[in-house]
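Each remark here refers to the structure printed beneath this line.
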Amino acid sequence: MVSKVWEKMSNLSGVRKIMNDIKHTLENASWEVINMSAWNPLVFKELEEFWTQHTKKLLESGNFWEVIWRYGSTKWYFPLLDAVKKFFKEEFHQDITEENVLVTTWSQSLFFYWVNAFGWRTRDWKLKKIFLPQSPDYTGYSGMWMEEDMFISVPPKPEKIWEHKFKYKLDLSEFPDKDDIWAVIFSRPCNPTWNVMTEEEVQKIYNFVEWTEIPIFIDSAYASPIPNLVYNNMITKFHKNAIYTMSFSKAWLPWERVWVAVWDSKYIKYLENFHANLSIMSSRFWQALITSALLDWSLKKISAELVQAKYRMKFKLMDKLLNKYMPEDISWYAHKVEWAMFSFIWFENLPITDDELYEKLKERWVLFVPWNAFFNWIDKDKIKHSRECMRISVTIEDEQMEKAVRILAEVIKEVYNK
């Protein structure tokens, strides 16, 4: 006999279901597959040289063996703490202490600690809800809670802004009663969309929790200044209720997971205890490597000056190809480009579902991610938009990208003409 928690946590959630199918397809393909579902970032020579130099610097510093041969604090590697404090002082004009900082491994780990600290059941067995003010949002949240109905969200509000472009807006009219929720979580920039919530929209969320102790988790995995995959002048807004996070795994170390959380010390203490019980500590090697790149500001510099430019070139090509190949008589819209890595396309009044479109494209050896996987907290059967969209990666080779967009256009034309 297994527990209800085991039954919940052992299920594939969100996008992981489709990723398993993609993995199976790639392993058993009898033809070249164009994989536009890939999560991996762009890889180029300058980044390889960047991390090689910082690795050599650590090896030659005399601290290498001390770093890897010794246990340390469950919260952080001390030199990284000093680097983060200096960074926040100079970049955000925020004075923080060691009591405000926690370093974790995976973003998923931090989400899990946070969700189960501020959601789930109270001592009197009342179910605490966590509110997501934007939809769609990061699908990884869907596997973090131990009860099926812990999260509540709002219907998506796509707004057409010009020809073949749209942007998601925050819909305050759909916000729940504050008495029904115990915490708020959202990603900014939004993962998976191109959307960056405006400063005014963030302030409305802050106003929503004002005069309460409702905590806010701001998932800043792709934000400025690191890794800085944002194309507009995004301003980081702090609030007494909000936990701010920064991802160094997104700074071109996708599998070397280092996350920094900054928050009120009383809450950081709770999360530290979760972290110590489940993970003991985060990798000191990668914390030491990042310390070097943070202190000399080279990580911020390469993010802003080199990496962002590479992604801009990719998005310009994607935009050009969509306008070149997509049928003129079909209502399609790409989300306004506000940050990097993926393109998000909405086919208004799509005659089939996004899952069916996925199967049709798979028959042509093109893979992408159906968007319904990112609508985990709404009734998808009642909201057609959640079945009309797709996410495609821009991190593939240019020639493959053009071939894939051409095939997509052919399949879309066929689907609408039927």
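The values are calculated or read from the model by the stated rules, or taken from the named source; none is laboratory data. Owing to the predicted nature of the structure, the values given are computational and were not obtained by experimental measurement. Every residue, glycine among them, receives a Cβ derived from its backbone with ideal geometry; neighbour counts consider all protein chains shown. To get the accessible areas, we keep the full protein, side chains included, count just its heavy atoms, and leave off ligands, DNA and RNA. Shrake-Rupley method; radii C 1.70, N 1.55, O 1.52, S 1.80 Å.
Which of the residues spanning region 85-110 are of a type in the set (A, V, I, L, M, F, W, C) and within 19 Å of His239 (Cβ to Cβ)? Steps first, please.
Here is the first cut: in region 85-110, the residues of a type in the set (A, V, I, L, M, F, W, C) are 87-88, 92, 96, 101-103, 106, 110.
Phe88, Phe92, Ile96, Val101, Leu102, Leu110 - these are the residues of region 85-110 that are of a type in the set (A, V, I, L, M, F, W, C) and within 19 Å of His239 (Cβ to Cβ).
Being within 25 Å of the chain's Cα centre (by Cα) and of a type in the set (D, E, K, R): is that true of Asp95 here? So that I can check it myself, show each step before the final result.
On the way: within 25 Å of the chain's Cα centre (by Cα): no; of a type in the set (D, E, K, R): yes.
For Asp95, the condition - within 25 Å of the chain's Cα centre (by Cα) and of a type in the set (D, E, K, R) - is not met.
Collect the residues in region 172-187 that are open to solvent by less than 10 Å² (accessible area, probe 1.4 Å) and either farther than 16 Å from Trp377 by Cβ or in contact with a helix residue (DSSP H, G or I) (Cβ under 8 Å, 6 or more places away or on another chain) (or both), keeping them in residue-number order.
Ala183, Val184, Ile185, Phe186
Within region 112-122, count every residue that is assigned to a strand (DSSP E or B) and either on the phi < 0 side of the Ramachandran plot or buried (at least 21 other Cβ atoms within 10 Å of the Cβ) (or both). Please lay out each step first, then the result.
If we filter region 112-122 for residues that are assigned to a strand (DSSP E or B), which is where we start, we get 120-121.
From the residues that got through so far, the ones that are either on the phi < 0 side of the Ramachandran plot or buried (at least 21 other Cβ atoms within 10 Å of the Cβ) (or both) too are 121.
Selection size over region 112-122: 1.
Suppose we keep only residues that are outside any strand (DSSP E or B) and of a type in the set (Val, Ile, Thr) within region 214-250. Which one would you say is modelled with the highest pLDDT?
Going residue by residue through region 214-250, those that are outside any strand (DSSP E or B) are 214-215, 220-229, 231-241, 248-250.
Next, from what is left, pick out any that are of a type in the set (Val, Ile, Thr): 214, 226, 235-236.
Working: Ile214: 89, Ile226: 80, Ile235: 79, Thr236: 83.
Ranking the candidates gives Ile214 first.
Any chance you could count how many residues in region 388-397 are part of a loop (DSSP other than H, G, I, E, B) and either modelled with pLDDT under 80 or charged (D, E, K, R) (or both)? Break it down stepwise before answering.
Here is the first cut: in region 388-397, the residues part of a loop (DSSP other than H, G, I, E, B) are 388, 394-397.
Restricting the remaining residues to those that are either modelled with pLDDT under 80 or charged (D, E, K, R) (or both) gives 388, 397.
Qualifying residue count, region 388-397: 2.
How many residues does region 86-99 contain that are touching a Ser or Thr at 6+ places or on another chain (Cβ under 9 Å) and at pLDDT 90 or above?
Adding up the residues that qualify gives 0.
Going residue by residue through region 64-78, is there one that turns out to be open to solvent by 60 Å² or more (accessible area, probe 1.4 Å), farther than 30 Å from Ser343 by Cβ and touching a helix residue (DSSP H, G or I) at 6+ places or on another chain (Cβ under 6 Å)? Lay out the reasoning, then the answer.
First pass over region 64-78, keeping only residues open to solvent by 60 Å² or more (accessible area, probe 1.4 Å): 65-66, 68-71, 78.
Next, from what is left, pick out any that are farther than 30 Å from Ser343 by Cβ: 65-66, 68-71, 78.
Keeping just the survivors that are touching a helix residue (DSSP H, G or I) at 6+ places or on another chain (Cβ under 6 Å) gives 68.
Taking every residue of region 64-78 in turn, at least one turns out to be open to solvent by 60 Å² or more (accessible area, probe 1.4 Å), farther than 30 Å from Ser343 by Cβ and touching a helix residue (DSSP H, G or I) at 6+ places or on another chain (Cβ under 6 Å).
Just one of the numbered conditions (1) of a type in the set (S, T, N, Q); (2) under 21 Å from Asp82 (Cβ atoms); (3) more than 23 Å from the chain's Cα centre (by Cα) is not true of Ser283; which one?
The number of the failed condition is (3).
Conditions (1) crowded, with 23+ Cβ neighbours inside 10 Å; (2) under 21 Å from the mean Cα position of the chain (by Cα), marked per residue:
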| position | (1), (2) |
| --- | --- |
| Ser331 | no, no |
| Lys336 | no, yes |
| Ser343 | yes, yes |
| Asp355 | no, no |
| Trp377 | no, yes |
| Lys384 | no, no |
| Cys389 | yes, yes |
| Asn417 | no, no |
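How many residues are hydrophobic (A, V, I, L, M, F, W, C), farther than 13 Å from Ser298 by Cα and in a helix (DSSP H, G or I) if we restrict to region 42-65?
Step one: filter region 42-65 for residues hydrophobic (A, V, I, L, M, F, W, C), giving 42-44, 47, 50-51, 58-59, 64-65.
Within this subset, residues satisfying the condition of being farther than 13 Å from Ser298 by Cα are 42-44, 58-59, 64-65.
From what is left, the residues that are in a helix (DSSP H, G or I) are 58-59, 64-65.
Count: 4.
Among the residues of region 51-85, write down those that are at pLDDT 85 or above and farther than 13 Å from Val101 by Cα.
Step one: list which residues in region 51-85 are at pLDDT 85 or above, which gives 51-61, 79-85.
Of everything in region 51-85, those that are at pLDDT 85 or above and farther than 13 Å from Val101 by Cα turn out to be Trp51, Thr52, Gln53, His54, Thr55, Lys56, Lys57, Leu58, Leu59, Glu60, Ser61.
Restricting attention to region 84-111, which residues are crowded, with 19+ Cβ neighbours inside 10 Å and part of a helix (DSSP H, G or I)?
Val84, Phe87, Phe88, Asn100, Ser107, Ser109, Leu110, Phe111
Just to be sure I understand the filter: pairs with C-beta atoms under 8 Å, separated by 6 or more residues or on different chains, first member in region 148-171 and open to solvent by 20 Å² or more (accessible area, probe 1.4 Å), second member of a type in the set (Val, Ile, Thr) and part of a strand (DSSP E or B). Which pairs pass?
These pairs meet every condition: Ile152/Ile130.
Among the residues of region 123-150 satisfying the criterion of being outside any loop (DSSP other than H, G, I, E, B) and within 18 Å of Thr193 (Cβ to Cβ), which is modelled with the lowest pLDDT? Explain how you work it out, then say what you get.
As a first pass, look at region 123-150 and keep what is outside any loop (DSSP other than H, G, I, E, B): 127-128, 130-132, 139-143.
Next cut, within 18 Å of Thr193 (Cβ to Cβ) only: 132, 139-142.
Numbers: Leu132: 90, Thr139: 76, Gly140: 75, Tyr141: 77, Ser142: 72.
Step by step, filter region 123-150, then rank; the result is Ser142.
I want to confirm something. Restricting to region 2-45 and keeping residues that are open to solvent by 90 Å² or more (accessible area, probe 1.4 Å), more than 30 Å from Phe151 (Cα to Cα) and not β-branched (Val, Ile, Thr), which single residue is modelled with the highest pLDDT?
By that ranking, first place goes to Lys45.
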